[in-house]
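Note sheet for the following structure.
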Protein chains: 2
Amino acid sequence: MRILVQKFGGTSVADLTCMRQVQSKVEKALAEGYKVVCVLSAMAGETNRLLTMAREWSSRPDPSEQDVLVATGEQVSVALFSMLLKDAGWNARSILGFQMPMRTDNDFGKARIMAIDAEQLKKQMEVHDVLVAAGFQGCDDCQRITTLGRGGSDTSAVALAAALNAERCEIYTDVDGVYTTDPNLCSRARKLDRIAYDEMLEMASMGAKVLQIRSVEFAKKYNVPVLVRSTFSDASGTLVTKEDPSMEQVKVSGIAYDKDQARVTLREVPDRPGVAAAIFVPLADAGILVDMIIQNVSLQGRTDMTFTVSRSDLERTLELLEKVAEDIGATEVMHDLGVCKVSVIGVGMRNHSGVAGTAFRALTSENINIMMISTSEIKISCVIEEKYLELAVRTLHDAFGLDQNPGI
Amino acid sequence: MRILVQKFGGTSVADLTCMRQVQSKVEKALAEGYKVVCVLSAMAGETNRLLTMAREWSSRPDPSEQDVLVATGEQVSVALFSMLLKDAGWNARSILGFQMPMRTDNDFGKARIMAIDAEQLKKQMEVHDVLVAAGFQGCDDCQRITTLGRGGSDTSAVALAAALNAERCEIYTDVDGVYTTDPNLCSRARKLDRIAYDEMLEMASMGAKVLQIRSVEFAKKYNVPVLVRSTFSDASGTLVTKEDPSMEQVKVSGIAYDKDQARVTLREVPDRPGVAAAIFVPLADAGILVDMIIQNVSLQGRTDMTFTVSRSDLERTLELLEKVAEDIGATEVMHDLGVCKVSVIGVGMRNHSGVAGTAFRALTSENINIMMISTSEIKISCVIEEKYLELAVRTLHDAFGLDQNPGI
């Protein structure tokens, strides 16, 4: 039994016309001899409509009941699409989270998948051509409905592909693949034919919204080939897959950026053991993710400590630091919202030197000041002034020749 | 553990303001020391919206997928209302058909309840103040979602009350109880304090839309006291209960009517054995419910056969009879849409004679011609011309003194 998992997002199931497109994608796979698991999101706008309703009813909607509410969005999609397939003569059925069952923990609103009953699903696959699966939803051990968080349908699809040993997981969306950078910022951005899981993780974490980051982690863990492609064209898409030697021939695969950055500086922090913990433990306890951290060279026993957080966390960060600064004797807490982060990403960096130098030289040649730097094995990130964002992205894209097909 | 089941229909959960009313009813019961199972319908208009959607997607929507679709209506109601109760500090949770579980057969769209897991529900009742239960829905042995048919939430509520040995099942609606007749036709109609199950069954089957007929059958079978009352007032409502001797003191409890009647006559049917079967078996096979049947006295070996069907079945009835008439040698098939049925209902008829005579005399005194008559132990029905409907209802209401409280 050859199984293909195909996932369609909200814009792909927005109305009957869109669903006919989805139908043709499913029927193409059926014609190729696959059995298909078709994972659907809620119709575009539906999840927001339901969440708005919840907030009208309650200032802080109970998370478990909110999951019961929003899970209806996918339920509507799968019921309607199954009707279409059955009318066309296919042996299809809808399958909801509790019916799979897709077992999750009970962290309502952002539950994690614990187990999928693959045997039960395989039995269903034997008697059906297509299972139309509700994405985004699962159930906990007590049969309560859970949801996987925004974009969770991607994760549902990859998890089902892993459980069923599917040949491939196809993620259909309104773009035709993953690009070297955001085409809205850089007209020379080029669609990638392939990208490694780790590169995709870095791209996703930098705000490239093509795939939910957890779905990529899942795909990497279970080695599920994920093909990102467009519902509205026949373009070949981008294959997200494990690294292979040919990928390492290419130094850099893409340029990502993140505008959701705020820079915070504690001035004149006494430079003694335990100070970093005094600053960052309260932030971690408050669930605030600190990204880059820079500690200046100490002068006369005092140092400046600078770091970045996401803009939505800035207010709480400043509140917490007021007290911390007093406790540890820092003189001032400063912040800056006019910053952003650009990153150069590529698994090829592991085996090629000189990438950082090329990046810094390129930015410097345009007089873009680098405020902070962080690196990993496959990524170099720089914090710069936000007004230089577009210029920086285009400059780096050119510097690494990303508009040229590497021909590998 | 004293348990009360309270059911609220679509108009009672139409919006946040209505749901606040529902909340106050539930909180009143909680203050009285009850644990509450609160059964909700979909918000007014929602089921129709979903069914319209299904028909846009498919000319003949698959019944099982349509159930998956429309079951979302109740799911939305119970999630939202549970949020309200939790915000108010109550230990509440929503519970869907598959979670109860409410096991049904798999006759999608009009499934019948097979079993309720009372032990599982009682465990839930022990740890919660309120279970907010989705009406109208269940699941079959394969965990597929089913629905109980229009008005099925009444049946859900009565079935839950029976399974949990609830003290009472309260059905909240937009009227304040069951009336001696339709107040829109007869201004002297009076709200009944009590009515016997059998009387309610006759009222419901005659189109009194207060309770779904199956819920009354269920209540009778399991002897569940059902209190019909208004969400929007504190009036005491009408108790639907088992017959007791005091009820038999009253000859007649109510006057019902049914406009959904069409009269069909086969002219000059040869009067020989097997003719009735030849006519009525094809209709039964086609699922057409034949109500009253009259066969005239035979003249020269031929007779006229007259019966009533509901208007929506008339077209198919006439089609089927074309062929039957030819087969058996009847000369003509006639029909009449200008008829209706009025009924006098009361368990007291079992022990009182003279009810039929009073009814016939009353109609005759107003020159209303009685076209057909049928009687049961507790009901006398007459088919009359539709134009006399209102007059007949008021005349019968007066003839049995129904505007007077019997004082029992």
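The values are calculated or read from the model by the stated rules, or taken from the named source; none is laboratory data. Worth saying up front: this structure is predicted, and the values here are computed from it rather than measured. Glycine gets a Cβ as well: all are built from the backbone with ideal geometry, and neighbour counts include every protein chain shown. Just the protein is used for accessible areas: all its heavy atoms, side chains included, with ligands, DNA and RNA removed. Shrake-Rupley method; radii C 1.70, N 1.55, O 1.52, S 1.80 Å.
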Does B:L389 satisfy being in contact with a strand residue (DSSP E or B) (Cβ under 9 Å, 6 or more places away or on another chain), in the same structural domain as B:I293 (by TED's automatic domain parsing) and either in a helix (DSSP H, G or I) or at positive phi (or both)?
yes
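Going through B:Q66, B:Q23 one at a time, which residue ends up being touching a Leu at 6+ places or on another chain (Cβ under 9 Å), polar (S, T, N, Q), in contact (Cβ under 8 Å) with a residue 40 or more places away in the chain and surrounded by fewer than 22 Cβ atoms within 10 Å (Cβ to Cβ)? Steps first, answer last, please.
Working: B:Q66 fails: surrounded by fewer than 22 Cβ atoms within 10 Å (Cβ to Cβ).
Among B:Q66, B:Q23, only B:Q23 is touching a Leu at 6+ places or on another chain (Cβ under 9 Å), polar (S, T, N, Q), in contact (Cβ under 8 Å) with a residue 40 or more places away in the chain and surrounded by fewer than 22 Cβ atoms within 10 Å (Cβ to Cβ).
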Would you confirm whether any residue within region A:306-315 is without any contact (Cβ under 8 Å) to a residue 12 or more places away in the chain and of a type outside the set (D, E, K, R)?
no
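Search region A:8-20 for residues being of a type in the set (A, V, I, L, M) and assigned to a helix (DSSP H, G or I), and hand back the single one that is surrounded by the fewest Cβ atoms within 10 Å (Cβ to Cβ).
Just the residues of region A:8-20 that are of a type in the set (A, V, I, L, M), to begin with: A:13-14, A:16, A:19.
The next check asks that each one be assigned to a helix (DSSP H, G or I); those that pass are A:13, A:16, A:19.
Numbers: A:V13: 26, A:L16: 13, A:M19: 22.
Residue satisfying both the conditions and the ranking: A:L16.
Please go through region B:238-264 and give me each residue that is within 22 Å of B:L185 (Cα to Cα), in contact with a Ser or Thr (Cβ under 9 Å, 6 or more places away or on another chain) and assigned to a strand (DSSP E or B), ordered by number. It would help to see each step written out before you state the result.
Our first condition is that a residue be within 22 Å of B:L185 (Cα to Cα); within region B:238-264, this holds for B:238, B:251-262.
From what is left, the residues that are in contact with a Ser or Thr (Cβ under 9 Å, 6 or more places away or on another chain) are B:251-258, B:260-262.
Within region B:238-264, B:G254, B:I255, B:A256, B:Y257, B:D258, B:A262 qualify.
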Is it the case that region A:90-101 has a residue that's without any contact (Cβ under 8 Å) to a residue 24 or more places away in the chain, more than 10 Å from every other protein chain (Cβ to nearest Cβ) and surrounded by fewer than 20 Cβ atoms within 10 Å (Cβ to Cβ)?
no
Which of (1) more than 10 Å from chain A (Cβ to nearest Cβ); (2) touching a strand residue (DSSP E or B) at 6+ places or on another chain (Cβ under 9 Å); (3) open to solvent by 30 Å² or more (accessible area, probe 1.4 Å); (4) not small (G, A, S) does B:K86 not meet, given it meets every other one?
(1)
Residue in region B:243-250 that is acidic (D, E) and surrounded by fewer than 16 Cβ atoms within 10 Å (Cβ to Cβ) present:
yes
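Quick check on my filter: what residues within region B:306-343 are in a helix (DSSP H, G or I) and hydroxyl-bearing (S, T, Y)? Even if it seems obvious, please write down each step before you answer.
Applying the first criterion (in a helix (DSSP H, G or I)) to region B:306-343 yields B:311-328.
Selection gives B:S312, B:T317.
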Right, A:D260: more than 30 Å from A:D244 (Cα to Cα) and open to solvent by 80 Å² or more (accessible area, probe 1.4 Å) or not?
no
Per-region count, region B:106-118, residues closer than 14 Å to B:S156 by Cα and away from every other protein chain (no Cβ under 14 Å):
8
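Pick from B:R190, B:R194: which is open to solvent by 40 Å² or more (accessible area, probe 1.4 Å), touching a residue at least 60 places away in the same chain (Cβ under 8 Å) and assigned by TED's automatic domain parsing to the domain that holds B:R150? Lay out the reasoning, then the answer.
On the way: B:R194 fails: touching a residue at least 60 places away in the same chain (Cβ under 8 Å).
Of the residues listed, the single one that is open to solvent by 40 Å² or more (accessible area, probe 1.4 Å), touching a residue at least 60 places away in the same chain (Cβ under 8 Å) and assigned by TED's automatic domain parsing to the domain that holds B:R150 is B:R190.
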Just a yes or no: is a residue in region A:199-219 modelled with pLDDT of 95 or more and either in contact with a Phe, Trp or Tyr (Cβ under 7 Å, 6 or more places away or on another chain) or of a type in the set (K, R) (or both)?
yes
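Go through region A:344-357 and count every residue that is open to solvent by less than 40 Å² (accessible area, probe 1.4 Å) and outside any loop (DSSP other than H, G, I, E, B). Spell out the reasoning first.
Taking region A:344-357 and keeping what is open to solvent by less than 40 Å² (accessible area, probe 1.4 Å), we get A:344-349, A:355-357.
Now narrow it down to the ones that are outside any loop (DSSP other than H, G, I, E, B): A:344-345, A:347-349, A:355-357.
So the answer is 8.
What number of residues within region B:1-36 are within 14 Å of chain A (Cβ to nearest Cβ) and more than 11 Å from B:Y172 (Cβ to Cβ)? Before the answer, list the steps.
Kept after step one, since they are within 14 Å of chain A (Cβ to nearest Cβ), are these residues of region B:1-36: B:13-20, B:22-23.
Then drop every residue that is not more than 11 Å from B:Y172 (Cβ to Cβ), which leaves B:14-17, B:19-20, B:23.
The total comes to 7.
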With the condition kept exactly as written, say whether any residue in region B:221-229 is buried (at least 23 other Cβ atoms within 10 Å of the Cβ), part of a helix (DSSP H, G or I) and out of contact with any Cys (no Cβ under 7 Å at 6 or more places or on another chain).
no
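If the requirement is being in the same structural domain as B:L164 (by TED's automatic domain parsing) and outside any loop (DSSP other than H, G, I, E, B), which of these qualifies: B:A235, B:A204? Steps first, please.
Values: B:A235 fails: outside any loop (DSSP other than H, G, I, E, B).
The conditions single out B:A204.
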Can you pull out every residue in region A:266-289 that is open to solvent by 40 Å² or more (accessible area, probe 1.4 Å) and assigned to a strand (DSSP E or B)?
A:R267, A:E268
Considering only region A:353-389, state which residues are in contact with a Phe, Trp or Tyr (Cβ under 9 Å, 6 or more places away or on another chain) and of a type outside the set (A, V, I, L, M, F, W, C).
A:T358, A:E366, A:N367, A:N369
B:S77, sole failed condition from (1) more than 9 Å from chain A (Cβ to nearest Cβ); (2) modelled with pLDDT of 95 or more; (3) open to solvent by 10 Å² or more (accessible area, probe 1.4 Å); (4) touching a helix residue (DSSP H, G or I) at 6+ places or on another chain (Cβ under 9 Å)
(3)
Of (1) surrounded by 16 or more Cβ atoms within 10 Å (Cβ to Cβ); (2) among the aliphatic types (A, V, I, L, M); (3) over 23 Å from A:T231 (Cα atoms), A:I3 satisfies every one except (3)
Residues being at pLDDT below 95, part of a strand (DSSP E or B) and either surrounded by fewer than 19 Cβ atoms within 10 Å (Cβ to Cβ) or in contact with an Asp or Glu (Cβ under 7 Å, 6 or more places away or on another chain) (or both) - total across region A:367-386
5
Pair list, Cβ under 6 Å, 6 or more apart: region A:30-43 residue modelled with pLDDT under 95, other residue crowded, with 17+ Cβ neighbours inside 10 Å
none
Under the condition of being modelled with pLDDT of 90 or more and in contact with a helix residue (DSSP H, G or I) (Cβ under 6 Å, 6 or more places away or on another chain), which residue from region B:220-239 is nearest to B:I113 (Cα to Cα)?
B:Y222
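Please verify whether region A:328-340 includes one or more residues that are within 22 Å of A:I293 (Cβ to Cβ), open to solvent by 60 Å² or more (accessible area, probe 1.4 Å) and hydrophobic (A, V, I, L, M, F, W, C).
Here is the first cut: in region A:328-340, the residues within 22 Å of A:I293 (Cβ to Cβ) are A:328-340.
The next check asks that each one be open to solvent by 60 Å² or more (accessible area, probe 1.4 Å); those that pass are A:331-332, A:334-335, A:337.
Checking the rest, the ones that are also hydrophobic (A, V, I, L, M, F, W, C) come to A:334, A:337.
The answer is yes, given that some residue of region A:328-340 is within 22 Å of A:I293 (Cβ to Cβ), open to solvent by 60 Å² or more (accessible area, probe 1.4 Å) and hydrophobic (A, V, I, L, M, F, W, C).
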